[in-house]
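Everything below concerns the one structure shown next.
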Amino acid sequence: MSKNNNLVEVFNVGNEDSINVIKIAETISHTMGLTDVEIRTTKGTKNGRGWIGDVKQMQLSIEKLKKFGWTPKLNSNKAIQISTKDILSEKEVKNIV
């Protein structure tokens, strides 16, 4: 890590693409094996946000971490698929116990 006088150094961890909420819902539904899913939105606010105070788009810079040789291995869609499968498998284990 870089030499500095701070006790903590902060890094953003993420990926290099973005994904919208509809695609997230579709990916989760598909990964769960659901069919005929109807995805509805409230249409949000006049300025395109989901609700007052919502962040319309966000993509944190990962350049600082990449300077140390780190690169993301997954895109947003694949990360959502893996996370959904992991959450489902945890739930199955808890239901057995």
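The values are calculated or read from the model by the stated rules, or taken from the named source; none is laboratory data. Everything numeric in this text was worked out from a predicted model, so none of it was measured. Backbone-built Cβ (ideal geometry, glycine too); neighbour counts: all protein chains shown.
K73 meets the conditions (1) part of a helix (DSSP H, G or I); (2) exposed (fewer than 11 other Cβ atoms within 10 Å of the Cβ) in every case but one. The failed one is (1). For the stretch 58-74, the count of residues that are free of Cβ contacts under 8 Å to residues at least 40 places away in the same chain and either of a type in the set (S, T, Y) or touching a His at 6+ places or on another chain (Cβ under 8 Å) (or both) is at least one.
The residue that is nearest to the chain's Cα centre (by Cα), among those in the stretch 33-45 that are modelled with pLDDT of 80 or more and of a type in the set (D, E, K, R), is R40.
Within the stretch 13-32, one or more residues are among the hydrophobic types (A, V, I, L, M, F, W, C), within 12 Å of the chain's Cα centre (by Cα), part of a loop (DSSP other than H, G, I, E, B) and surrounded by fewer than 10 Cβ atoms within 10 Å (Cβ to Cβ). Confirm whether K46 is surrounded by fewer than 11 Cβ atoms within 10 Å (Cβ to Cβ) and farther than 29 Å from L88 by Cα. Here the answer is yes, as K46 does meet what is asked. Could you say whether any residue in the stretch 33-42 is of a type outside the set (F, W, Y) and either in contact with a Gly (Cβ under 7 Å, 6 or more places away or on another chain) or surrounded by 13 or more Cβ atoms within 10 Å (Cβ to Cβ) (or both)? Among the residues of the stretch 33-42, not one is of a type outside the set (F, W, Y) and either in contact with a Gly (Cβ under 7 Å, 6 or more places away or on another chain) or surrounded by 13 or more Cβ atoms within 10 Å (Cβ to Cβ) (or both), which makes the answer no.
Among the residues of the stretch 56-68, are any touching a Pro at 6+ places or on another chain (Cβ under 9 Å), in a loop (DSSP other than H, G, I, E, B), surrounded by 13 or more Cβ atoms within 10 Å (Cβ to Cβ) and at pLDDT 90 or above? Checked against the condition, which is being touching a Pro at 6+ places or on another chain (Cβ under 9 Å), in a loop (DSSP other than H, G, I, E, B), surrounded by 13 or more Cβ atoms within 10 Å (Cβ to Cβ) and at pLDDT 90 or above, the stretch 56-68 yields at least one hit. Mind listing just one residue for me: the one in the stretch 1-23 that is among the aliphatic types (A, V, I, L, M) and out of contact with any helix residue (DSSP H, G or I) (no Cβ under 6 Å at 6 or more places or on another chain) and, of those, modelled with the lowest pLDDT? Out of the qualifying residues, it is M1.
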